[in-house]
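*Asks:* Have a look at this one before I ask anything.
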Amino acid sequence: MATIPASREICVFLSSSFQDMHAERDHLMKQVFPKVRAACLARRVGFTEVDLRWGVTEEESKNGATVEICLKEIDRCRDFPPFFIGFMGERYGWIPRHEELAAYWERNADSDYAQLIQGAIARSIGVTELEMELAVLGKGAAEKISGHALFLLRDRALTDRLYRKKTGHAPNTADASFYDPGEGRLEALKERIRRSPFLGIDGYTSIEQFGQAVEDYLLAQLDRYFPESDISGPLQRMQGAHADFRFHRLQNFLPRPDVRKKLLTTILKRVDTPALGPILLAGPSGQGKSALMADLARHLEAEQGGIHWRVIDHYVGADEHNSLDSWVNRILETLHPEIEDLTGPIPKSSKDRKEALSTWIAMAARRTEQRGETPDKPVRFALVLDALDQLMDGGRDLDALNPSILGPSAVVVASAADGTQARDAAKGYETIEVPPLTEKLRAKLIRNTFARYRKKIATPLAERLASAPQAGSPLFLTLALEDLRLAASRRTLSTLLDQILESPDAQHLFLHRFLLDEAHGRPELPTLAAAFMALLGASRNGLTENELSELLALPGDPKAANTGKPKLPQIYLSRLLAAFQPFLLNKQGNRAPMHRIFGEAALRYYCTVPVREHLYNYFKKGYGKGKREVDQRQAAEALHQITQLANTEHDNGKSARKRLVKDLGMLWVPVQLYDIEEDVAHTALTSLDNQDKLALGKLWNKEIDSFDAVAVEQNGGQIYEFAEWMYGIAFDRFRLSRQLVEALLTKQVQVLPESD
């Protein structure tokens, strides 16, 4: 069985000549990909097709920048098998000439991809062949893709039929839009494909045969990499999300032994004196706290100070679970398999989970000691909790971190940004401030970064950057280096550095040097990059590429064949994904900002309210209609956005609050609210005032009255969980009518104990 990729995602790059293959591309979009996407969704796998010729004319595609984007996308798609589908008819396609790309050479002469394009021009090969060569047919390419490719060659008779259908005339081999042998290059390329091990059909005779071959291939690859038997559960997905976050934060990380030493010394003091309480790592946003926390987790796993540390590192924002109760629940779920015989099931209520925490941690520590894995070494749990300020309540309530809750077998190390509610709430914790990078560390980071890309920067320029006050921020320095690395010419580096150092901080630099760079825009919207990052920053847990392509579309953009909705031409989205790849996380197929300030910079420019309204209007379809099944991801995103809008001061705030109550009430049975996501539902409900609660209670009473016995039998366990959850908060926080809760409880299979 194939190794399952780290990211549950399939990304397919389509490669063919331009004008003559529209029938195949349309059939894939309308008939094949919807089926494949549905099959992927059933296994919680993301699916993205990359069709760079969609929405772009052939004339627009004939420039070096477009060719470079194609080549970059091929490289990007290597990470998501299976990744390449090539198909050809009777047309070889565009062969670029050097003079046609004059504007491109001026801006990109030093690009690695420019060298590939230069080589193609020197050999007089076309762009389609260059794509296929880079992906599959070139030296060493086949090994890189590990078999993730499929070629299909069209039968000449089918080309003739398609020509007649389009033109109404008999085939005319002089018409280069369908017939272009490229002076023998077409047949030579087909022979290269035939000699490869990736040819699927040599001469398909119908569009349906072509589509079926692609569908069969993709579904077979889905079975190969993501078999039904290996669908991960919620805990495995959560553990994977946090492991991925740690991995990303440690990429390009520059160790800071001074900070690590302070943290380890402070942690060890708590082994014998746990009552000293949590440790806080604090500093300005962009100071590298998350990377330091990831480094600490990795370092503690090496058994520091004669202690066997069991590390559970949790990064708020790594997934959609952004509450301390989610953190507590993850700890219990992690420990449960090894002590289940002692504890029984995981408690259902937040209160009971919190009360069980210290006992469970102590039991798990003793079990580890009893297994004798580390004889003569005491076992302690290191609970590394990054970004308290990104909790859904802003970190106002940190009661779960108290030693009385966690017990003597655990040490908590948390982090929070300066100037936040979480920082104020943790003011009693022993605090370690993250200092700015020293000039020595800055110089090392500059050297390492340019060496990694086989580039050099003049010593005076490197020293000038290292000595700049702003460069004390790791994030500012990283952004500056990325900007310099992408410079087209060494001759312009000094001027570019002047421009970079005009920015006082990382947020200003990111906005003005990256997001507002018109090279990342489009003629109709030069600030496309800022819109792209604003959507990602406002989203609850990132967005898929398909969602981005629809959210970023303008009314005049071509409509997608499968949905009938405008869609951003792929060439623009690919350009954004390539340009901002260093600044994005991949959350199981969702793209999200790697750092909070990236989204904040864009939202300040675009204004948060209209961005959230756009997201809400896009995702509210997930609520469904009547008793139709709710799309939990879309409904959770819509509910998150309307909750944020309802609790933000703006002109439409009152209207947003009314919509929030209506949305909560329209989820046809209250249990579906609980199913969406407890964190999202809890945040929405606790944001209501008394008048809102009364209005919601009336809506829910109507729904409860229509809740039939069949639904009770099918969903009894879920209803019980929801009733318990709602009952626990109704009187403490909402003061909803007892009649409302009792109405629900009388409809369920099991009733709550009277004492509750």
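The values are calculated or read from the model by the stated rules, or taken from the named source; none is laboratory data. Please read these numbers as outputs of a predicted model, since none were measured by experiment. Quick reminder, even Gly has a Cβ in these numbers, built from the backbone with ideal geometry, and neighbours come from all protein chains shown. With ligands, DNA and RNA removed, areas are computed over all heavy atoms of the protein, side chains included. Shrake-Rupley method; radii C 1.70, N 1.55, O 1.52, S 1.80 Å.
*Asks:* What tally of residues in the stretch 572-601 results from selecting those that are open to solvent by less than 40 Å² (accessible area, probe 1.4 Å), assigned to a helix (DSSP H, G or I) and either under 18 Å from residue 317 (Cα atoms) or among the acidic types (Asp, Glu) (or both)?
*Replies:* Within the stretch 572-601, residues that are open to solvent by less than 40 Å² (accessible area, probe 1.4 Å), assigned to a helix (DSSP H, G or I) and either under 18 Å from residue 317 (Cα atoms) or among the acidic types (Asp, Glu) (or both) number 5.
*Asks:* Considering only residues that are aliphatic (A, V, I, L, M), under 11 Å from residue 384 (Cβ atoms) and out of contact with any Lys or Arg (no Cβ under 7 Å at 6 or more places or on another chain), which ones fall in the stretch 293-313? Give the derivation first.
*Replies:* Within the stretch 293-313, the first condition is being aliphatic (A, V, I, L, M), and the residues that meet it are 293-294, 296-297, 300, 302, 307, 311-312.
Now restrict to residues that are under 11 Å from residue 384 (Cβ atoms): 293-294, 296-297, 300, 311-312.
293, 300, 311, 312 - these are the residues of the stretch 293-313 that are aliphatic (A, V, I, L, M), under 11 Å from residue 384 (Cβ atoms) and out of contact with any Lys or Arg (no Cβ under 7 Å at 6 or more places or on another chain).
*Asks:* Which of the residues spanning the stretch 133-182 are closer than 16 Å to residue 84 by Cα, loosely packed, with under 13 Cβ neighbours inside 10 Å and among the aliphatic types (A, V, I, L, M)?
*Replies:* Restricting attention to the stretch 133-182, the residues satisfying the condition of being closer than 16 Å to residue 84 by Cα are 133-138, 140-153.
After this cut, where a residue has to be loosely packed, with under 13 Cβ neighbours inside 10 Å as well, the list is 140, 143.
Passing the criteria: none in range.
*Asks:* Right, another one. Residue 494: assigned to a helix (DSSP H, G or I), small (Gly, Ala, Ser) and closer than 30 Å to residue 455 by Cα, yes or no?
*Replies:* So residue 494 fits the description; yes.
*Asks:* Does any residue in the stretch 61-76 that is on the phi < 0 side of the Ramachandran plot and part of a helix (DSSP H, G or I) come within less than 7 Å, Cβ to Cβ, of a residue that is of a type in the set (D, E, K, R) and modelled with pLDDT under 85 six or more places away or on a different chain, and which pairs are these?
*Replies:* Hits for this filter: 61/53.
*Asks:* Now a separate question. Listed residues 131, 60, 106, 143; which is among the charged types (D, E, K, R) and either closer than 22 Å to residue 219 by Cβ or modelled with pLDDT of 85 or more (or both)?
*Replies:* Result: 131 is the single residue among 131, 60, 106, 143 that is among the charged types (D, E, K, R) and either closer than 22 Å to residue 219 by Cβ or modelled with pLDDT of 85 or more (or both).
*Asks:* Then there is this: So the check is Cβ under 7 Å with 6+ separation or different chains; which pairs have a first residue in the stretch 680-697 that's over 9 Å from residue 664 (Cβ atoms) and a second one that's among the hydroxyl-bearing types (Ser, Thr, Tyr) and open to solvent by 40 Å² or more (accessible area, probe 1.4 Å)?
*Replies:* 697/737
*Asks:* Determine, yes or no, whether residue 606 is in contact with a helix residue (DSSP H, G or I) (Cβ under 7 Å, 6 or more places away or on another chain), aromatic (Phe, Trp, Tyr) and within 24 Å of residue 480 (Cα to Cα).
*Replies:* It is true that residue 606 is in contact with a helix residue (DSSP H, G or I) (Cβ under 7 Å, 6 or more places away or on another chain), aromatic (Phe, Trp, Tyr) and within 24 Å of residue 480 (Cα to Cα).
*Asks:* Taking the stated definitions as given, is residue 385 open to solvent by less than 20 Å² (accessible area, probe 1.4 Å), in contact with a strand residue (DSSP E or B) (Cβ under 9 Å, 6 or more places away or on another chain) and not in a loop (DSSP other than H, G, I, E, B)?
*Replies:* yes
*Asks:* Hey, another quick one. Out of the residues in the stretch 500-528 that are among the aliphatic types (A, V, I, L, M) and out of contact with any Gly (no Cβ under 6 Å at 6 or more places or on another chain), which is modelled with the lowest pLDDT?
*Replies:* Checking each candidate, the answer is 519.
*Asks:* Collect the residues in the stretch 266-311 that are over 27 Å from residue 477 (Cβ atoms) and polar (S, T, N, Q), keeping them in residue-number order.
*Replies:* Here is the first cut: in the stretch 266-311, the ones over 27 Å from residue 477 (Cβ atoms) are 267-278, 301-311.
Within the stretch 266-311, 273, 304 meet the criteria.
*Asks:* Kindly evaluate residue 457 against the criterion of being more than 32 Å from the chain's Cα centre (by Cα) and not charged (D, E, K, R).
*Replies:* Yes.
*Asks:* Could I ask something else about it? From the set of residues in the stretch 343-370 that are basic (Lys, Arg) and outside any loop (DSSP other than H, G, I, E, B), which is surrounded by the fewest Cβ atoms within 10 Å (Cβ to Cβ)?
*Replies:* Across the stretch 343-370, the extreme among qualifying residues is 351.
*Asks:* Among the residues of the stretch 504-522, count how many are of a type outside the set (Asp, Glu) and not in a helix (DSSP H, G or I).
*Replies:* Adding up the residues that qualify gives 4.
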